[in-house]
Amino acid sequence: MSQANRRARQLNRAQVIDEAFLDYVRALQLGLDREEADDTALADSALLELFESQMLSRQIDLMARVKRLENKVFYTIGSSGHEGNALVGRLTRETDPAFLHYRSGAFMAERYRKQPKLDFLRDTCLSFAASSDDPASGGRHKVWGSQPLWVLPQTSTIASHLPKAVGTALAIARGQSGGHEPPVPSDSLVVCSFGDASLNHATAQVALNTCAWTRHQNLPLPVLMVCEDNGIGISVPTPRDWVARGMAERYGFSYHFADGLDLESGYVSVAAAVDECRRKRRPVFLHLRTTRLMGHAGTDFEIEYRAPEELAAAESLDPLWRSAERVVSRGLMSPGEIIERYEGYRQRCLAEADRADQQPRLKTLADVVAPLAPLSVDAVQAEARRAPEMADRVAAFGSDKQLPENQPPRHLAIQINRGLTDLMVKYPQALVFGEDVARKGGVYTVTKGLWQRFGRSRVFNTLLDETTILGLAQGFGSMGYLPIPEIQYLAYFHNAADQIRGEACSLQFFSNGQFRNPMVMRIASLGYQKGFGGHFHNDNSIAALRDIPGLVIGCPSRGDDAVNMLRTMMAMAQVDGRVCAFLEPIALYMSKDLYAADDNGWLFDYPAADDCLVPFEPRVYHSEASDLAIVTYGNGVPMALRAARALEKSSGAKVRVVDLRWLKPLDMPAIAASLADARALVIFDEGRPDGGIGEGLVCGLVEQGLADRPIKRVTGADCYIPLADAANLVLASESQLLEACVRALHARTH
């Protein structure tokens, strides 16, 4: 063999592994000991089917390497070496929700057996080919997913799926609590698989801690954590015994080790782990031994960072070798029959990939984004206007006299509390949870009394961890609940942003609308808080939220708008499965006055029970004023109204104020229409100059044709918010707003 050919074989480890398996099978002999085989827990028929799933998964990986070069498939992260996870696929049920590692081909092949009408090979090839006929994602990504088989699709998961798996298990364990029945059987468990390198991720540790905490509280949590340990993370080796030492004695878990390289010996251990998790309803950690073959992906040349001897050692652990040996030793197939079957699968995979390449692909932007952010306007409006039963409302509030519409005008925090009460009455499946929301009623008493009214099964405290809170919200949402998680401060959301960006908001997109995890996330937000501040409690950075595809963001400035916005957001969640962020301006929670002390100008009546907001529609004050318009939101609204009055007194200028209310998506045509006759514009954005609402507004207004008039922008400084009075040096001020308005009015006349 020439040096060039030898180098090519070194790079093409897929070919090396393929040929090595064939050579190994040819060398097998039919020297059988049937008595030994008869003692195993793994029946002959099961062994044959598992081996078939393993071979089919392997040929899919080999097909991907070939067809990628023909530009017919677009994904080469394979399952080779992990085919032992077929055991988990076989021993769990099709109604056990599964959140899978990307090396789960054999698992999926086994789960597909549970519904014979489904075609595993066809569906997988459509996914590899990014065809719009792919039943998992509609061609948006290569994912392991199936709605009828309860496999919720994941993309390139690095442990970010573990918290929502825990949340799903907790939701199942609740059963029919609160009158809501989850869509899977009550004895279901949740399967969550991941690699040994992913175990080190902070998100994984959060999920494991939540499992332990739940077990410590004696709460049922049927989650099977499957760590597929191949000993390496891309190019970084996992230290020997790292997983076992870390998890075998981990508090709160039952630890099981299974050899995923040997179906016969691994079967008993996997079966025991699944059985314990299902019967005892507690977290089980299944440590599954695997090996990684063919590199991390098709573009990963292992020979560049692994010595040839190391590669050869890993490849000698090929689980298909041991499976073939078991099959031959039992006399179930001859070596020749195995090779014939293996080559037959090769031809089937290649042919199916060619057929998939001929199927339609996504052609338009509209097709791509269709499942991302559905908005059924009429249905949402109808649902938002559907009032709770009056008798139930009276029971919740205590009497007809105590109904909020029969009370005097109140401030923002009180009205949000009342709005939440109405929503908990309206939706028996609604849950309120987070840090301190139960007995204490939240840091700002916004949830005060809900725990007493609706009980600890519907209003409850969680661990002091935002990743856990948002993971639970996703799990509950996927099981048909309507979660209302609370994040205590906007800065704390940033600790867990990927749970919304990478997971919650992507689920409908990557499942082609087949799965959903609706929620309305309440976040105490923004700046200007007096007496208790500093960066983590005065945070005006919403750029991280606005960057999340499909997320709805609302920010009310007054109590009646807050109630109506909550109703609309809950309707979006109920009807369309939307994920919504409800930003509550902390500094306005208790505000009563607008222009002067004791004027009660910022107290508002509770809206009628059948009222709501139109999605993304701004509120306009002084619509007849056209000298100048101030566009703002949240804390900026009362500041803008005060500036408008001051300008009228000082110069006679008539000033309109537009409260955006909705911060994502911005309905720029509606905003522009509300400003069309204003002769000058000022945008007041308390956020920072880069990444804030103001940037998007200026750009949008220019695109809407409003660049023919002066446009000024006022923002906070590009700085963290310090403590005490120094915060006023960073935050945008009313004096800055007034100055910008004067400049805009002056520019209008020149």
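To make sure I understand, if each residue's beta carbon is the centre and we count other beta carbons within 10 Å, what order do 79, 137 fall in, fewest to most?
Values: 79 28, 137 24.
Fewest-to-most ranking of 79, 137: 137, 79.
Rounded to the nearest 500, the 222 nm mean residue ellipticity of the chain from helices alone is -12500 deg cm²/dmol, with -39,500 (n - 2.57) taken per DSSP H run of at least 4 residues.
Please give the length that would be gained between residue 448 and residue 728 if that part of the chain were fully extended, namely 0.36 nm times their separation in residues minus their C-alpha to C-alpha distance (nm, one decimal). Can you show the working numbers first?
On the way: separation 280, 0.36 × 280 = 100.80 nm, distance 3.07 nm.
Full extension of this stretch gives 97.7 nm more.
What the Cβ-Cβ distance of residue 377 and residue 312 gives, at R0 = 56 Å and to the nearest 0.05, is a FRET efficiency of 0.35. Given R₀ = 56 Å, FRET efficiency for residue 29-residue 597 by Cβ-Cβ distance, to 0.05? Efficiency at R0 = 56 Å is approximately 0.05. Under a 5 Å amide H cut-off, with hydrogens placed 1.01 Å from N, residue 190 pairs with 223, 224 among residues at least 5 apart or on other chains. Summarising the label geometry, the points placed 7 Å from Cα in the beta-carbon direction at residue 43 and residue 70 lie 3.9 nm from one another. Using only the C-alpha atoms, the convex hull of the stretch 619-748 corresponds to 100 Å³ per residue.
Take every DSSP beta bridge whose two residues both sit in the chain; close to 15 percent of them are antiparallel. Between residue 623 and residue 405, the modelled label-to-label distance comes to 2.3 nm, taking each label 7 Å out from Cα in the direction of the beta carbon. I need the Debye-formula profile for the stretch 414-498: one equal scatterer per C-alpha, no solvent, reported as log10 I(q)/I(0) at q = 0.16 1/Å, two decimals. The computed values of log10 I(q)/I(0) come out as -0.57.
Once both labels are positioned 7 Å from their Cα atoms along Cα-to-Cβ, the gap between residue 704 and residue 391 label points is 4.7 nm.
Relative to the present Cα-Cα distance, how much length would full extension add between residue 743 and residue 611 at 0.36 nm per residue of separation?
Details: separation 132, 0.36 × 132 = 47.52 nm, distance 3.94 nm.
Contour length minus the Cα-Cα distance gives 43.6 nm.
Can you give the alpha-carbon Rg of the chain over 2.2 N^0.38 Å, where N counts its residues? If you can, show how the numbers build up before the last one.
Numbers: Rg = 29.7 Å, N = 750, 2.2 N^0.38 = 27.2 Å.
Output field value: 1.09.
What the Cβ-Cβ distance of residue 334 and residue 216 gives, at R0 = 35 Å and to the nearest 0.05, is a FRET efficiency of 0.05. Solvent-free Debye calculation, one equal scatterer per alpha-carbon of the stretch 120-188: log10 I(q)/I(0) at 0.25 Å⁻¹ equals -1.02.
In order along the stretch 345-351, phi translates into HN-Hα couplings of 5, 4, 5, 5, 5, 5, 5 Hz, rounded to whole numbers, per the Karplus curve 6.51 cos²θ - 1.76 cosθ + 1.60 with θ = phi - 60° and x for Gly and Pro.
The length gained on full extension between residue 359 and residue 440, counted as 0.36 nm times the residue separation minus their Cα-Cα distance, comes to 23.4 nm.
Scattering from the C-alpha atoms of the stretch 185-290 alone, worked out with Debye: what is log10 I(q)/I(0) at q = 0.15, 0.21, 0.25 1/Å? So the normalised log intensities work out to -0.60, -1.13, -1.46.
Bear in mind these aren't lab numbers, they're just calculated from the coordinates by the rules spelled out. Note that this is a predicted model, so its numbers are computed, not measured. Every residue, glycine among them, receives a Cβ derived from its backbone with ideal geometry; neighbour counts consider all protein chains shown.
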